[in-house]
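To start, the structure under review is shown below, and the notes come after it.
Quick note: the coordinates plus some simple rules give every number you see, no bench work behind them. From a predicted model like this one, the values you see are computed outputs, not experimental measurements. Reconstructed Cβ throughout: ideal geometry from the backbone, glycine too, with neighbour counts over all protein chains shown.
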Amino acid sequence: MQRPRGRSERVRQQVHQAVIELLKERTADEVTIPLIAERSGVHQATLYRRWGTVPVVLQDVVEPGPARTSPLPDTGSLRGDLDAYAVGVAGSLSGPLGVLMLWAAISRIPPHTDRGPSPVLVERTAQLEQMLDRARVRGESPPTVADLLEVVVAPLYFHALFGPPPSGEDARRLVDRLLALTRQSA
């Protein structure tokens, strides 16, 4: 018997919300199927049947990823776009799903050294290039995507993984550094 789509999606949303709430209180390693069931009101048997394990549930929560769920800003200026983007990244990394998204991405990195870039990086790079192309069309001199990733994005991710989560001020400071470097190389 096939269940109506609405119930299936409602169960998924309940489980996702429960996981997000639990991650505000615990590490990902402390989250269990019984805890998710209790918090979501979804029976454990349903969780085991649909997802099987906690890592699969966590992966389902973060699967859309920022490249699909966070559209890039279009403020009308390079500075505005870069500030809004960087502050948005810092905000998402500071939230309960921030480190979980990084953990999920890292867990899918193959161990061999000849791997290419992840599909998420390829998708986001193309989106960032469009944002920088808009600045070129407006007559501005944007940085390269590589510089944006190395000077702004990588430090934000590094801090989220190994230190206190980055703040909006941290993000704006990195954008200032990027724009200064861009002016120097022009």
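What the table below lists for this structure:
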{"read-out": "Principal-axis tilt of helix 119-137 within the chain, Cα atoms, nearest 10 degrees", "value": "30"}
{"read-out": "Environment charge at residue 149 (Cβ cut-off 12 Å; Lys +1, Arg +1, Asp -1, Glu -1)", "value": "-2"}
{"read-out": "Förster-model FRET efficiency, 30 Å R0, residue 184 and residue 109, C-beta, rounded to 0.05", "value": "0.35"}
{"read-out": "Angle in degrees between helix 98-107 and the longest Cα principal axis of the chain, rounded to the nearest 10", "value": "80"}
{"read-out": "Residue-wise HN-Hα coupling along segment 33-50, computed from phi with Karplus coefficients 6.51, -1.76, 1.60 (Hz; x: Gly, Pro)", "value": "4, x, 5, 4, 4, 4, 5, 8, x, 9, 4, 3, 4, 5, 4, 5, 5, 7"}
{"read-out": "Answer label, with Cα Rg over 2.2 N^0.38 Å calculated from the coordinates and candidates (1) 1.20; (2) 0.99; (3) 1.34", "value": "(1)"}
{"read-out": "Length gained when the stretch residue 60-residue 118 is fully extended (0.36 nm per residue, less Cα-Cα span)", "value": "19.1 nm"}
{"read-out": "C-alpha long axis of helix 5-23 to longest principal axis of the chain, angle in °", "value": "70"}
{"read-out": "Cα-centre dipole for the chain with unit charges at Cβ (Lys and Arg positive, Asp and Glu negative), debye to 20", "value": "620"}
{"read-out": "Pair residue 74, residue 8: separation of 7 Å Cα→Cβ label points (nm)", "value": "3.4"}
{"read-out": "Where labels lie 7 Å past Cα in the beta-carbon direction, separation of residue 30 and residue 149 in nm", "value": "3.5"}
